[in-house]
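Written out below as structure tokens is the structure these notes cover.
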Amino acid sequence: MSTAPQKAKSGAEKLDVKVTAVVPLNELVTRFEFQRRDGELFPPFSGGAHTVVQMVDGDRTRLNPYSLMSDPADRSRYAISVRRDDEGRGGSLFMHRNVKVGDEMVVTYPVNLFSLDLRAKKHLFFAGGIGITPFMAMISQLERTNGNWELHYACRSKALGSYVDELTYKYPNKVHIYYDDQKQAMDLKQLLEGQPLGTNAYVCGPKGMIKWVHATASAAGWPDANVLSEEFMAPEPGAPFEVRLCQSDKTITVGENESLLEAIERAGVDAPYLCRGGSCGQCETDVISADGEFVHRDHWLDDVEHASGKKIMPCVSRFIGKSLELDR
Amino acid sequence: MTLQFNDETFRDDYTFKNSQRAIDRFPFPFHEDSYMYSVNMEQHRGGPKDSIYEMRFDVDEHYVAEMRDRALVLADDPLRCQSLPHMTLAGWDLLEVIMVSKSEDYPDLFELHRDGDTWRWVNKPLGIDDTFTFMDETTLPYGPLEYITRQAQGDFCVLDQREENLWMDAGMITTQADWSLDFDLGMNFFEWHAPVPLAHEKGIFTRALKFLLSIQQGAPARRLNWTMTVNPLLDTSPENYHKWGIQKTSVTPENIGTKQHLRVELQSFFRLPRSNALVFPIRCYLCSFDDLMTKAKWGRRLHRVIRDLPDELATYKGFIDNRQMMLDYLSKFDDGLPTSDGVFANEDTEPALKV
């Protein structure tokens, strides 16, 4: 259209930040706070947004998404809370072990794939464990605009209940805590039945919890559009496999502990992405040929597309077999 | 640069005119000698100096007169600006992005002073100096969307994003190419585009929606669209079709050069940070055929595009009845020489018209 259409680089826009606080909350979860290195204010964001944190780990660059959990009205800082995953691929371990106050890092502009439906007369939140983080920002946002909300938050134990004290102190009538080790369980069926018309439910937590809330709400007659969920999936490790990138004319090997997307990036190929967790659809890639079996783990493609063998989401999905050729 | 604002009208006596600068920077929309729909998006971050692509929200010599025309339209029909209740936050988002952009891009015309939530906004061309509380509607004379778009050229569709779709849930629409906010309010992306011919079959809207849903904060996008308008009329709305539709019959071979205008829309797309809504500003630029023909390349190309356009598109764009008269006029500016690629007129290198 104009003289020189610029090709967009993959991922959201970047922000140069420094770490201003590292606050261990309990044995597993630590909060990291950032300020901009140029001294400017952060862009505003909406509750439910995440940022992708770039970690330079030796010669490897990790890009992990984390929900922004600070108050969206506070533009002086961004904060994330990271749960240490000892079995994972190492991103959270890197954050816990290596990131110190004063470190310089790069984070992306906020991206929101788990937005409040502002039409709702009431927002009903279900959090499991570290799934509390997006709700922290949503609650701050709704408090500022006198929004009607209620939180049901399941934690393993009192000791591992991140932000429980803060939430119950500030909002004693709106926050309900359930401790697994005390055999406290949500009476979900009754909770969903008692809600006024125009209520939206939101769930963030382990896969089982998300499925349970969707299924229970559906059985109680809730429209699917009124139940929103976010599950951040980290790519899972798997057996190494070889891939031919046809456009780039390169053959790469995806290592055991890296995702296909990361292997593509490591080969110097700019591939589109946003969430890196199987939900935004940006990294969708056409399969040219495949002799083997796909391990699809994304929420983006439907069952028919998964079965077709024509598409793959390289951020979370893998491949087992003889040969795979991609249009990238 | 200090802008001189035109004292001009877009109705009745139609005193609208483009200065030489306005003609030079007119966004001629055809990058080749033919036209078909495409998802012709690019990033919206600047462009050649003094072009309409340079700033986030272009302000030009028509600013004051366009805002006067908008006030007249709203006085007759307040439903041209509507915002469903859940879109108020998006209205504040838009107010913020426009005030911040204009005060940074045109510091001699606009000032924004922020002290916490107490904001002072100075708009020198319109003589406005208001202090208000951000996010408190009671401190503004209108809702945030209406307040700021009474001070910004172009139409603004504010789209809520839900269920993998976009919803026309708010807007300020007074300079539209024959569509109605009051009719489209609450519709989703496919519903409000339903009347467009050929593009659905080509899968254009499915791809365009996918692109728009993934537009992120800090990375706005833009494209051009175009149609034809008889007389320099901004408000070509269905509500007022009985007033302007008839004007299409007033074109004659003698007056077509001054009456017939190419109407180009610079459409841009911004993710709104606090609401996660999307704003879709549609900025209208008008240029008469006579003024367009002063650029040899544009003369040659416009003739070829209009000549070869499918009938469905000429009908949809509302000029099928006048197409032959347009071609009789335009053919005099097409000597058959090749044209250079791209939209710019390239006057230094493009050969002059062979007489």
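Go through segment A:139-208 and tell me which strands (runs of 3 or more DSSP E), entirely inside it, have 3 or more residues that are open to solvent by less than 80 Å² (accessible area, probe 1.4 Å) and more than 30 Å from B:G91 (Cβ to Cβ).
A:149-155, A:175-179
Being out of contact with any Phe, Trp or Tyr (no Cβ under 6 Å at 6 or more places or on another chain), assigned to a helix (DSSP H, G or I) and among the β-branched types (V, I, T) narrows it down to one of B:T258, B:T294, so name that one. Before you say what the answer is, go through the steps one by one.
Numbers: B:T294 fails: assigned to a helix (DSSP H, G or I).
Every option except B:T258 fails the conditions.
Output the number of the condition that B:T249 fails; it satisfies all remaining conditions of (1) under 21 Å from the mean Cα position of the chain (by Cα); (2) surrounded by fewer than 18 Cβ atoms within 10 Å (Cβ to Cβ); (3) modelled with pLDDT under 95; (4) not aromatic (F, W, Y).
Among (1) under 21 Å from the mean Cα position of the chain (by Cα); (2) surrounded by fewer than 18 Cβ atoms within 10 Å (Cβ to Cβ); (3) modelled with pLDDT under 95; (4) not aromatic (F, W, Y), the lone unmet condition for B:T249 is (1).
Pairs, please: C-beta under 7 Å, at least 6 apart or cross-chain, first residue more than 10 Å from every other protein chain (Cβ to nearest Cβ) and in segment B:21-43, second open to solvent by 20 Å² or more (accessible area, probe 1.4 Å) and not in a loop (DSSP other than H, G, I, E, B)?
B:I23/B:D291; B:D33/B:R304; B:S34/B:R304; B:S34/B:D308; B:V39/B:R207; B:V39/B:F211
For A:I288, work out the one condition from (1) modelled with pLDDT under 95; (2) more than 14 Å from chain B (Cβ to nearest Cβ); (3) outside any helix (DSSP H, G or I) it doesn't fulfil.
All conditions are met except number (1).
Is it fair to say B:R68 is open to solvent by 40 Å² or more (accessible area, probe 1.4 Å), more than 10 Å from chain A (Cβ to nearest Cβ) and touching a helix residue (DSSP H, G or I) at 6+ places or on another chain (Cβ under 8 Å)?
Judged against the criteria, B:R68 is not a match.
Is there a residue being among the polar types (S, T, N, Q), assigned to a loop (DSSP other than H, G, I, E, B) and open to solvent by less than 60 Å² (accessible area, probe 1.4 Å) anywhere in segment B:318-328?
No; the residues of segment B:318-328 include none that is among the polar types (S, T, N, Q), assigned to a loop (DSSP other than H, G, I, E, B) and open to solvent by less than 60 Å² (accessible area, probe 1.4 Å).
Does B:F5 satisfy the criteria of being within 21 Å of B:M228 (Cβ to Cβ), in contact (Cβ under 8 Å) with a residue 24 or more places away in the chain and either among the aromatic types (F, W, Y) or in contact with an Asp or Glu (Cβ under 6 Å, 6 or more places away or on another chain) (or both)? First the steps, then the outcome.
Values: within 21 Å of B:M228 (Cβ to Cβ): no; in contact (Cβ under 8 Å) with a residue 24 or more places away in the chain: yes; either among the aromatic types (F, W, Y) or in contact with an Asp or Glu (Cβ under 6 Å, 6 or more places away or on another chain) (or both): yes.
For B:F5, the condition - within 21 Å of B:M228 (Cβ to Cβ), in contact (Cβ under 8 Å) with a residue 24 or more places away in the chain and either among the aromatic types (F, W, Y) or in contact with an Asp or Glu (Cβ under 6 Å, 6 or more places away or on another chain) (or both) - is not met.
Answer with yes or no whether A:L151 is among the aliphatic types (A, V, I, L, M) and more than 30 Å from A:E27 (Cβ to Cβ).
Against the criterion (among the aliphatic types (A, V, I, L, M) and more than 30 Å from A:E27 (Cβ to Cβ)), A:L151 does not qualify.
Which one is nearest to the other protein chains (Cβ to nearest Cβ), of the residues in segment B:82-120 that are within 30 Å of B:S180 (Cβ to Cβ) and in a strand (DSSP E or B)? Quick ask: steps written out before the conclusion?
Initial filter on segment B:82-120 (within 30 Å of B:S180 (Cβ to Cβ)): B:82-99, B:101-102.
Going one step further and asking which of them are in a strand (DSSP E or B), we end up with B:82-83.
Working: B:Q82: 15, B:S83: 12 Å.
Residue satisfying both the conditions and the ranking: B:S83.
With part of a loop (DSSP other than H, G, I, E, B) and either at pLDDT 95 or above or open to solvent by 50 Å² or more (accessible area, probe 1.4 Å) (or both) as the only criterion, which of B:T175, B:T131, B:T138 stands out? I'd like the intermediate steps shown before the answer.
Values: B:T131 fails: part of a loop (DSSP other than H, G, I, E, B); B:T138 fails: part of a loop (DSSP other than H, G, I, E, B).
Checking each option against the conditions leaves just B:T175.
Among the candidates B:V97, B:V73, B:V59, B:V39, single out the residue that is at pLDDT 95 or above and open to solvent by 10 Å² or more (accessible area, probe 1.4 Å).
B:V97
Test of understanding: among A:V111, A:V82, A:V17, which residue is modelled with pLDDT of 95 or more, within 15 Å of the chain's Cα centre (by Cα), farther than 30 Å from B:S34 by Cα and surrounded by 17 or more Cβ atoms within 10 Å (Cβ to Cβ)?
Going through A:V111, A:V82, A:V17 in turn, the sole match is A:V82.
Away from chain B (no Cβ under 14 Å), modelled with pLDDT under 95, more than 18 Å from the chain's Cα centre (by Cα) and part of a loop (DSSP other than H, G, I, E, B) - does that describe any residue in segment A:22-34?
So far as segment A:22-34 goes, no, none of its residues is away from chain B (no Cβ under 14 Å), modelled with pLDDT under 95, more than 18 Å from the chain's Cα centre (by Cα) and part of a loop (DSSP other than H, G, I, E, B).
Scan segment A:123-132 for residues that are away from chain B (no Cβ under 13 Å) and either under 21 Å from B:R274 (Cβ atoms) or free of Cβ contacts under 8 Å to residues at least 60 places away in the same chain (or both) and jot them down.
Matches in segment A:123-132: A:F125 only.
With respect to B:K202, determine if the residue is without any contact (Cβ under 8 Å) to a residue 40 or more places away in the chain, out of contact with any strand residue (DSSP E or B) (no Cβ under 7 Å at 6 or more places or on another chain) and either assigned to a loop (DSSP other than H, G, I, E, B) or within 14 Å of another protein chain (Cβ to nearest Cβ) (or both). If you could, list the steps in order and put the result at the bottom.
Values: without any contact (Cβ under 8 Å) to a residue 40 or more places away in the chain: no; out of contact with any strand residue (DSSP E or B) (no Cβ under 7 Å at 6 or more places or on another chain): yes; either assigned to a loop (DSSP other than H, G, I, E, B) or within 14 Å of another protein chain (Cβ to nearest Cβ) (or both): yes.
No: the conditions fail for B:K202.
Looking at segment B:280-289, is at least one residue over 16 Å from the mean Cα position of the chain (by Cα), part of a helix (DSSP H, G or I) and free of Cβ contacts under 8 Å to residues at least 40 places away in the same chain?
Checking segment B:280-289: not a single residue is over 16 Å from the mean Cα position of the chain (by Cα), part of a helix (DSSP H, G or I) and free of Cβ contacts under 8 Å to residues at least 40 places away in the same chain.
Tell me, which residue of segment B:217-246 that is among the small types (G, A, S) and out of contact with any His (no Cβ under 6 Å at 6 or more places or on another chain) is surrounded by the fewest Cβ atoms within 10 Å (Cβ to Cβ)?
In this case the residue turns out to be B:G245.
The values are calculated or read from the model by the stated rules, or taken from the named source; none is laboratory data. Bear in mind the structure is a predicted one, so any value in this text is a computation, not a measurement. Cβ atoms come from the backbone with ideal geometry, glycine included; neighbour counts cover every protein chain shown. With ligands, DNA and RNA removed, areas are computed over all heavy atoms of the protein, side chains included. Shrake-Rupley method; radii C 1.70, N 1.55, O 1.52, S 1.80 Å.
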